[in-house]
Amino acid sequence: MQTQELDRSLTRPPAAAALLLGAWLVFLFSFLVQEASAATVTACVAKKGTVRILKGKSQCRRGDTKVSWMTVKAGATGPQGPAGPKGEIGAPGGTGAAGASGATGASGVTGATGATGATGSAGVNSFTAVVGTFTQPAVGVESSSLTVGDSTWMVVSQLVFVEKGGYYTVASKPDATHVILTNLGYPGNSSVGSSGNGGSVSPAGPQGVTGATGAEGAKGVTGATGATGATGATGATGSTGAEGNEGKEGAAGATGATGATGATGATGGIAVGTWGALTSREAGKEFEPSSTEPVEVLLTVKLKPETTVKVEVAKAIIAEQTSPGGVAAPSSVTTFTFIVPAKEKWQLTGTVEALKSAYLPL
């Protein structure tokens, strides 16, 4: 575009209008070059710098500056310029916001029921029985190899209960139908050395701790006086009492003959099958009940609080007991029963307040 003529009123335009006019000329050039032929363009420039193209018989407003210029047809397009250098890679854009969660899908169709699994093999019964009988071993001693219906369910050190015998631990299992047991000596076990033990065998639990001695109960009501018993046999003559005060002189009696001194009687033995009387014993000392037959021994022991005692037969510990403790714990009484073979000795070790024993020959 080439400017051919300007209105004289623009000889001294304001500075702001001049700047805006330059910008508008660039715009108008790009607009008018598209016209098919040369033309005169008239425009009005306001004091604020705005430019308005006049069309037809339009006039400029008061205060506007009128400008005119000529345009010519654009020339042919020039050749394409060389490609510009590659621009630098732009900085990565920020992470976009997470999309909303999709809706939950519909539940799938329930699958068909699977086929029934095969039946498992039958479990092993934890129960058997001794074939025949056996002799009760000493406490802590193993029995002979016992024949049983099935020993596969037993494990070494397992506690078991034999119907006629008591509580034992499994010492070993020679095979599937034999077992060797160790006598635990629990209360209720058959006597050491007794025969006829056997019967059913089943798992068992360990013996619980002995509970504390309960408080003494209230004194019961005195019972009715019983009927007078038959007169007993005349007892032996007692020892001479202390000399009494001199009495009145009595009439002289006839002098009696002096009786002969009786022979000393033989020392009495223990009757088989009968309990002997309770006899005080000394703790820590050995006693031999019999040199000819086994004897069942009953001990009654009075213990101070927190005292432990042990019963030994033939130098082997067969039982042990600890009395309850505590600040106000009273003394307690416990009992032991066991069998001592002929010519063997027993003893009770530990501190006791009182110890008594009774024998029952077998």
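Below, the figures for the structure above:
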{"item": "Test: residue in the range 284-300 that is within 24 Å of GLU216 (Cα to Cα), without any contact (Cβ under 8 Å) to a residue 60 or more places away in the chain and loosely packed, with under 13 Cβ neighbours inside 10 Å", "result": "no"}
{"item": "Any hit, the range 266-274, residues being under 20 Å from SER190 (Cβ atoms), at pLDDT 95 or above and not β-branched (Val, Ile, Thr)", "result": "no"}
{"item": "Selected residue [touching a Pro at 6+ places or on another chain (Cβ under 7 Å) and either open to solvent by 100 Å² or more (accessible area, probe 1.4 Å) or modelled with pLDDT of 80 or more (or both)] from THR50, THR65, THR42", "result": "THR65"}
{"item": "Test: residue in the range 100-111 that is within 30 Å of THR42 (Cα to Cα), loosely packed, with under 10 Cβ neighbours inside 10 Å and out of contact with any Ser or Thr (no Cβ under 6 Å at 6 or more places or on another chain)", "result": "no"}
{"item": "Members of the range 200-228 that are in a loop (DSSP other than H, G, I, E, B) and polar (S, T, N, Q)", "result": "GLN207, THR210, THR213, THR222, THR225, THR228"}
{"item": "Members of the range 306-330 that are open to solvent by less than 50 Å² (accessible area, probe 1.4 Å) and either farther than 28 Å from SER194 by Cβ or touching a Lys or Arg at 6+ places or on another chain (Cβ under 6 Å) (or both)", "result": "THR307, SER323, PRO324, GLY325, GLY326, ALA329"}
{"item": "Filter result (open to solvent by 20 Å² or more (accessible area, probe 1.4 Å), under 22 Å from THR274 (Cβ atoms) and of a type in the set (Gly, Ala, Ser)) within the range 331-362", "result": "ALA342"}
{"item": "Check on SER332, under 46 Å from the mean Cα position of the chain (by Cα) and of a type in the set (S, T, N, Q)", "result": "yes"}
{"item": "Subset of the range 165-220 that is of a type in the set (A, V, I, L, M) and closer than 30 Å to LYS304 by Cα - its residue that is modelled with the lowest pLDDT", "result": "VAL209"}
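The values are calculated or read from the model by the stated rules, or taken from the named source; none is laboratory data. Keep in mind the model is a prediction, meaning the values are calculated, not measured. For neighbour counting, all protein chains shown are included, and Cβ atoms are generated from backbone atoms with ideal geometry for every residue, glycine included. Just so you know, the surface numbers come from the protein's heavy atoms only, side chains and all, with ligands and any DNA or RNA stripped out. Shrake-Rupley method; radii C 1.70, N 1.55, O 1.52, S 1.80 Å.
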